[in-house]
1. Please find, among Lys463, Lys438, Lys393, Lys446, the residue that is surrounded by fewer than 21 Cβ atoms within 10 Å (Cβ to Cβ) and at pLDDT 95 or above.
2. Could you tell me whether any residue of segment 171-187 is at pLDDT 95 or above, under 20 Å from the mean Cα position of the chain (by Cα) and not in a helix (DSSP H, G or I)?
3. From the residues in segment 310-335 that are in contact with a Leu (Cβ under 9 Å, 6 or more places away or on another chain) and under 15 Å from Thr368 (Cβ atoms), which one is most open to solvent (accessible area, probe 1.4 Å)?
4. Could you give me the residue pairs with C-beta distances under 7 Å whose first residue belongs to segment 103-129 and is at positive phi and touching a residue at least 60 places away in the same chain (Cβ under 8 Å), whose second residue is open to solvent by less than 10 Å² (accessible area, probe 1.4 Å) and not in a strand (DSSP E or B) wherever it lies, and which are 6+ apart or on separate chains?
5. Can you tell me how many residues in segment 46-69 are over 13 Å from Ile93 (Cα atoms) and in contact with a strand residue (DSSP E or B) (Cβ under 6 Å, 6 or more places away or on another chain)?
6. Please go through (1) over 27 Å from Leu162 (Cα atoms); (2) in a loop (DSSP other than H, G, I, E, B); (3) open to solvent by 50 Å² or more (accessible area, probe 1.4 Å) for Asp453 and return the number of the only condition it doesn't satisfy.
7. Collect the residues in segment 297-344 that are assigned to a helix (DSSP H, G or I), over 27 Å from Lys457 (Cα atoms) and of a type in the set (Gly, Ala, Ser), keeping them in residue-number order.
8. Run Ile206 past the list (1) within 16 Å of the ligand (Cβ to nearest atom); (2) more than 30 Å from His375 (Cβ to Cβ) and report the number of the one that doesn't hold.
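The values are calculated or read from the model by the stated rules, or taken from the named source; none is laboratory data. As the structure is a prediction and not an experimental result, all values here were calculated from the model. Here the Cβ positions follow ideal geometry from the backbone for every residue, glycine too, while neighbour counts run over all protein chains shown. Accessible surface areas use protein heavy atoms only, side chains included; no ligands, DNA or RNA. Shrake-Rupley method; radii C 1.70, N 1.55, O 1.52, S 1.80 Å.
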Amino acid sequence: MHMKIVKRILKFIIIIVGALVVSIAIMVLMDIQNTKYLKVENNEFANNNSFLITNVNIIAKNQDTVLVGKMVHIKDGIIQNIADSIELNGVEIIDAKNKYLTPGLIDMHVHIWDRYELGLYLSNGITAVRNLWGMPMHLRLKEDLDNDKIISPMFFTTGPKLTGPEFIGDDNLQLTSPKEAKKKVISYKDRGYDFIKTYYGITEDIFDAVIEQAALSNMDIVAHPSQKVPYAYHFNAQIKSIEHAEEIIQQPLNYNLLDTVKLKNIFNDFEKLNKSSFSPTLTVYNNIYQMLIDDEILESETLQYMNPLIKIVDSKAQFERWINTKQQDSSIVKSIKNQHNLHLKIVKKLHETGTTIICGTDAGIGVTIPGFSIHQELTFYKEAGLSNYEVLKTATVNASKTHSVMSNMGTIEVGKVANLILIDNNPLLSLSALQHPKTVFIKGRKLNRDALDNFEKQAKNRKNLVASAIRYLENLMVEK
Ligand SMILES: [Zn+2]
């Protein structure tokens with residue numbers, strides 16, 4: 001009798017667990033099903049990746065000027081020829097009289113939570129992204145891109161964030177020994193991650209091990225500076241990119257915005273020691289200020305493009321935290337603004353020291369919206385004092401110079417992949433010309449504004465909260 005009850009309970013548990021597993025699988029599959037508008041097979045335009053663009057003005061590769069009235073031949077997704085005149089038969093011709101052709105934009109610091117975001121990046125002229133918080137879902141996305149299954153910006157991702165023994169965080173990999181660090185670098189390479197991300201809290205002995213193994217495994221490192229090592233430690237040949245202007249103020253400056261002596265030393269160090277690119281991510285920081293001055297920001301239209309899970313667990317929490325801080329001390333509004341202004345100076349100074357600035361927004365968290373944010377970030381670099389041409393370089397050629405795996409993009413040059421935007425106005429006169437592009441080429445495929453608008457529409461107020469939560473749980477549960 002007793003055994004019978006146990007068996008019944010066991011059976012009941014198995015049924016419940018089984019039903020749970022099945023419904024989880026259905027939820028995730030449904031979310032992917034709902035983004036089928038991105039599938040190559042569902043888009044007729046995807047069948048053609050060869051064009052002849054005529055009469056077009058091209059942003060030149062190496063100088064601040066426009067080459068007028070050129071022809072560009074795209075063949076099988078690659079830029080095949082650029083000339084004053086090209087004779088060709090049997091290829092679709094695009095008359096681009098009075099239009100401007102620039103390389104597609106690249107956002108070097110994003111966090112991707114679902115596939116709807118891919119459409120938002122494309123719709124904003126972004127043809128490549130670097131994801132800096134790797135999870136299993138990103139490896140599946142890479143696989144679909146490798147097999148040419150979906151229309152998406154070119155996608156590169158780091159592995160999970162590597163931190164040291166003391167740093168607590170549910171989604172980071174806490175390394176406890178140099179030996180473990182080396183093992184993880186090898187394993188991330190095997191799993192298919194493109195880069196290693198080192199994070200806040202990583203200690204020197206572990207960092208040394210990561211760098212040593214990354215060099216052996218030919219893996220570039222992207223560093224969110226660690227406060228456990230001196231800032232200049234990050235100027236290392238294996239670290240290809242250093243993130244966040246904010247960290248210069250937090251770590252070497254210890255929040256003392258007026259410590260001009262220390263700041264000068266940092267600039268000197270950059271000039272003498274640094275060969276890494278620098279990604280300022282000014283937008284995400286300035287958005288703190290936006291939250292402080294705009295009580296309605298969570299209800300704003302642009303927030304409707306944020307992943308619903310992030311909206312609930314991150315955007316809202318950040319907003320409430322900053323509003324609370326303001327209630328206790330209203331001077332915070334001014335100090336955030338002051339720090340943002342210092343970030344602008346840092347960008348200008350680092351640019352002058354010869355540092356390669358790469359455009360990164362930190363989109364996908366807080367209230368920093370995927371895709372749209374890049375135009376804000378570029379505006380800040382302009383405000384900092386860079387010319388329009390120098391600003392454009394931060395989101396194109398500079399990115400391609402940072403990692404060898406990105407070297408086939410970022411300029412309009414024979415042999416490069418045809419990731420391009422075709423726009424009505426000259427971006428060297430006004431950067432606003434880059435917003436809302438009429439035509440985007442991704443690997444030679446031509447997306448018109450109707451298709452791009454549809455990508456935006458599909459992503460607006462998407463209902464994939466549960467699927468997003470399941471993917472995040474998966475990340476917490478699998479071995480990192
Ligand atoms: Zn980030």
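1. Exactly one residue qualifies, and that residue is Lys438.
2. Looking for residues that are at pLDDT 95 or above, under 20 Å from the mean Cα position of the chain (by Cα) and not in a helix (DSSP H, G or I), one finds none in segment 171-187, hence no.
3. Lys316
4. Listed pairs, sorted by first residue: Gly125/Gly104; Gly125/Leu434; Gly125/Pro437.
5. 9
6. So Asp453 meets the others, but not (2).
7. Residue satisfying the conditions is Ser335 alone.
8. So the condition that Ile206 fails would be (1).
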